[in-house]
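The values are calculated or read from the model by the stated rules, or taken from the named source; none is laboratory data. Predicted model, so just to flag it, every value in this text is computed and none were measured. A quick note on method: Cβ atoms are made from the backbone with ideal geometry, for glycine too, and the neighbour counts reach across all protein chains shown.
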Amino acid sequence: MTLTPDQAKEKVLSLLSEVNRPGIDKLIEFMNTSSYFTSARCYGHHRCDHGLLMHSLEVLDVMLKCNLFNLSRESIILVALCHDLGKARMHGHKVGTGDHGARSAYILEMCGVELTEAERAAIKYHHGRYIESVTNPLKGLLNTGDCRSTGLNKRGVKYSFTAI
């Protein structure tokens, strides 16, 4: 199934409503007021309008399909949809310091969203060495989803979702 940008936005909001954590309302407010839902092409990595949004949903889709360790759906949703949150701009500016993974964790903290250590590490270091995933299966799953989505889309494959 393919989604329009409006359908994708509604899907993200619906999925975030499944996450029972303090700060989710502030996170949604940040997403609505930043460029999260509108960022085009996601710094050239994702070749479509609304690339950050579509990529995040595709990462989630891959993670749900590949969840061999039966990891928490709530954790998967939060990590997949927020791993690139630091790429979103507020009034044209980056929020936080460091690379986009560190900025993503900072934004979640700023919104009051409580993360487990595994979730924080997965988000902050999702481009790190894959070998570290042995001790953090959530990071390995995120790395798999992120690489698969980015690799597929760089070849011009249209975003498609089957598990979400």
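Worth pointing out:
- Screening SER39 with (1) in contact with a Leu (Cβ under 7 Å, 6 or more places away or on another chain); (2) modelled with pLDDT of 95 or more gives one miss only, at (2).
- Considering residues of segment 42-53 that are assigned to a helix (DSSP H, G or I) and modelled with pLDDT under 90 only, the residue surrounded by the fewest Cβ atoms within 10 Å (Cβ to Cβ): GLY44
- Across segment 63-75, the qualifying residues are those that are in contact with a helix residue (DSSP H, G or I) (Cβ under 7 Å, 6 or more places away or on another chain) and surrounded by fewer than 23 Cβ atoms within 10 Å (Cβ to Cβ), and the one among them that is modelled with the lowest pLDDT is PHE69.
- Filter result (modelled with pLDDT of 95 or more and surrounded by 15 or more Cβ atoms within 10 Å (Cβ to Cβ)) within segment 17-35: VAL19, ARG21, GLY23, ILE24, LYS26, LEU27, ILE28, PHE30, MET31, SER34
- Flag if LEU152 is at pLDDT below 90 and either surrounded by 21 or more Cβ atoms within 10 Å (Cβ to Cβ) or closer than 15 Å to MET63 by Cα (or both): yes
- Every condition in (1) surrounded by 14 or more Cβ atoms within 10 Å (Cβ to Cβ); (2) at pLDDT below 95 holds for VAL113 except the one numbered (2).
- Pairs, first at negative phi in segment 66-93, second assigned to a loop (DSSP other than H, G, I, E, B) and among the polar types (S, T, N, Q), C-beta under 6 Å, six or more apart: ALA88/SER34; ALA88/SER35; ARG89/SER35; MET90/SER34
- Some residue of segment 81-94 being more than 23 Å from ASP49 (Cβ to Cβ) and either aliphatic (A, V, I, L, M) or modelled with pLDDT of 95 or more (or both): no
Yes/no per residue for (1) in a helix (DSSP H, G or I); (2) of a type in the set (Asp, Glu); (3) farther than 17 Å from VAL59 by Cβ:
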{"residue": "GLU114", "(1), (2), (3)": "no, yes, yes"}
{"residue": "GLY128", "(1), (2), (3)": "no, no, no"}
{"residue": "LYS139", "(1), (2), (3)": "yes, no, no"}
{"residue": "ASN143", "(1), (2), (3)": "yes, no, no"}
{"residue": "ARG148", "(1), (2), (3)": "yes, no, no"}
